[in-house]
Amino acid sequence: MVGRLQPVLAGVVTALVGFASSFTVVLAGLRAVGADPAQAASGLLTLCVASGVCALWLGLRHRMPLAIAWSTPGAALLVATGPVPGGWPAAVGAFLLTGLLIVAAGLIPALGRAVAAIPTPLASAMLAGVLLPLCTAPVRALVEVPRLAGPVVLVWVLLHRFARRWAVPGALAVAVVAIALTTTGPARLDAAPVIALTTPAWTLPAIVGLALPLFLVTMAAQNVPGTAVLAGYGYRAPLGSALRVTGLATVLGAPTGAHAVNLAAITAALAAGPDAHPDPDRRWIASVTAGIGLALLGLGAGAATALVLLSPPVLVDAVAGLALIAALAGAVSAAVAQPDAREAAVVTLVVTASGVTLLGIGGAFWGLVAGWLMLLLFRRPTAPAPTAPAPTAPAPADRRGVGADLPASQQS
């Protein structure tokens with residue numbers, strides 16, 4: 001009985017952690033590009049349901065723990081981008097185009113290879129520049145609302161030390177209590193599911209400044225790492241199938257406010273690791289359960305949005321920023337890992353984080369352009385390596401096996 005329940009319980013934990021750790025980022029992103037409260041709640045609900053349906057379909061079809069989630073870095077990109085020319089309808093049009101590009105990447109392998117060909121330092125630096133402004137929110141909150149933000153940050157630090165996967169949900173729970181204790185007057189939380197349709201519109205600044213960066217961030221920071229996590233546990237992910245399914249879900253969900261659906265990266269290990277089940281052939285149950293749980297949690301998107309509206313905006317941003325600290329650390333580390341591309345990566349990070357808008361196009365695009373130019377102009381040609389002398393005797397075989405040098409710890 002315990003063996004049968006183990007993947008189900010792992011799936012429930014995956015859904016709870018995935019939702020609680022980043023739904024505030026999604027709401028902040030949708031509001032930043034022009035959504036009103038009803039439209040933001042609609043987008044969150046659609047993302048939950050679409051992710052759940054995709055996880056159910058892919059898990060049952062491939063019998064693999066293919067956890068599906070919304071694009072958390074993509075939501076942070078929305079925060080960094082802010083309002084786009086054409087308003088919320090233009091943002092919805094950018095979401096729809098992002099979905100079409102994801103489908104195309106699943107149908108045309110060359111497109112996926114082209115995305116993978118973007119230098120890792122530049123892609124990581126662009127992601128770091130997107131995340132950096134939001135990750136400063138906890139500092140601002142400690143200054144602006146110390147009595148509310150102080151307990152939130154303290155609980156996050158303690159749980160990050162002793163129960164890492166629950167750090168952000170715990171901080172969120174403290175924030176909810178703080179909001180409830182400090183709200184004056186009757187608080188009306190509408191828990192009814194909300195669906196708000198928006199007719200998409202297309203503007204060149206929204207296409208170049210939002211759709212293309214959102215596609216690149218979703219591919220580079222979600223789909224590619226998601227397949228890497230699965231490979232680390234011995235699964236060869238059907239990337240083409242996953243891209244087609246999640247891209248179609250993004251296209252269908254865009255008119256209701258869903259910005260991007262993709263393979264999970266941060267929570268993928270919860271469903272694919274040995275904690276889900278000792279038998280790798282049974283772990284798909286965890287991802288399917290997580291999908292069902294996430295879809296059910298989406299029914300409370302209206303209440304979650306109303307709760308966020310009751311709190312100081314900087315407090316919501318602070319919780320979102322805490323959720324992205326680990327992602328920022330990983331992005332910065334990858335951005336500066338190669339010495340010959342380090343300066344170009346820093347230029348990409350700085351331009352992206354500046355939040356500048358030129359010709360109606362946001363900083364993420366210009367950061368990538370600036371990094372490319374730096375890389376082309378200043379990268380020195382690599383000298384050919386000297387030819388090594390032939391060994392006089394065969395080297396002793398390494399009997400540790402593949403992956404022996406890998407750390408034993410896993411990211412939660």
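The values are calculated or read from the model by the stated rules, or taken from the named source; none is laboratory data. Remember, predicted model here, so these are calculated numbers, not experimental data. In this analysis, Cβ positions are derived from the backbone assuming ideal geometry, glycine residues included, and neighbour counts consider all displayed protein chains. What goes into the accessible areas is simple: the full protein's heavy atoms, side chains included, and nothing from ligands, DNA or RNA. Shrake-Rupley method; radii C 1.70, N 1.55, O 1.52, S 1.80 Å.
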**OP:** Starting from residues that are among the polar types (S, T, N, Q) and touching a strand residue (DSSP E or B) at 6+ places or on another chain (Cβ under 7 Å), keep the ones in the range 23-71 and report whichever is surrounded by the most Cβ atoms within 10 Å (Cβ to Cβ).
**Re:** Ser71
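Can we say Ala237 is closer than 26 Å to Leu315 by Cα, at pLDDT 80 or above, among the small types (Gly, Ala, Ser) and open to solvent by less than 40 Å² (accessible area, probe 1.4 Å)?
It is false that Ala237 is closer than 26 Å to Leu315 by Cα, at pLDDT 80 or above, among the small types (Gly, Ala, Ser) and open to solvent by less than 40 Å² (accessible area, probe 1.4 Å).
Of the residues Ala271, Ala249, only one is open to solvent by less than 20 Å² (accessible area, probe 1.4 Å), over 24 Å from Leu107 (Cβ atoms), touching a residue at least 12 places away in the same chain (Cβ under 8 Å) and assigned to a helix (DSSP H, G or I); which? Talk me through it step by step, then tell me what you get.
On the way: Ala249 fails: over 24 Å from Leu107 (Cβ atoms).
Result: Ala271 is the single residue among Ala271, Ala249 that is open to solvent by less than 20 Å² (accessible area, probe 1.4 Å), over 24 Å from Leu107 (Cβ atoms), touching a residue at least 12 places away in the same chain (Cβ under 8 Å) and assigned to a helix (DSSP H, G or I).
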Subject >> Top-ranked residue in the range 341-363 [being aliphatic (A, V, I, L, M) and modelled with pLDDT under 70; ranked as most open to solvent (accessible area, probe 1.4 Å)] >> reply: Leu359
Original post:
Does Ala20 satisfy the criteria of being assigned to a helix (DSSP H, G or I), under 17 Å from Leu299 (Cβ atoms) and open to solvent by 10 Å² or more (accessible area, probe 1.4 Å)?
Top reply: yes
Subject >> Set Ile102, Ile179, Ile108: member being open to solvent by less than 20 Å² (accessible area, probe 1.4 Å), within 30 Å of Gly371 (Cβ to Cβ) and hydrophobic (A, V, I, L, M, F, W, C) >> reply: Ile102
Original post:
Ile292: in a helix (DSSP H, G or I), closer than 29 Å to Pro7 by Cα and over 20 Å from the mean Cα position of the chain (by Cα), yes or no?
Top reply: no
Subject >> Hits in the range 31-51 - residues which are assigned to a helix (DSSP H, G or I) and hydrophobic (A, V, I, L, M, F, W, C) >> reply: Ala32, Ala38, Ala40, Ala41, Leu44, Leu45, Leu47, Cys48, Val49, Ala50
Original post:
Name the residues in the range 70-81 that are closer than 15 Å to Ala211 by Cβ and outside any helix (DSSP H, G or I), would you?
Top reply: Ser71
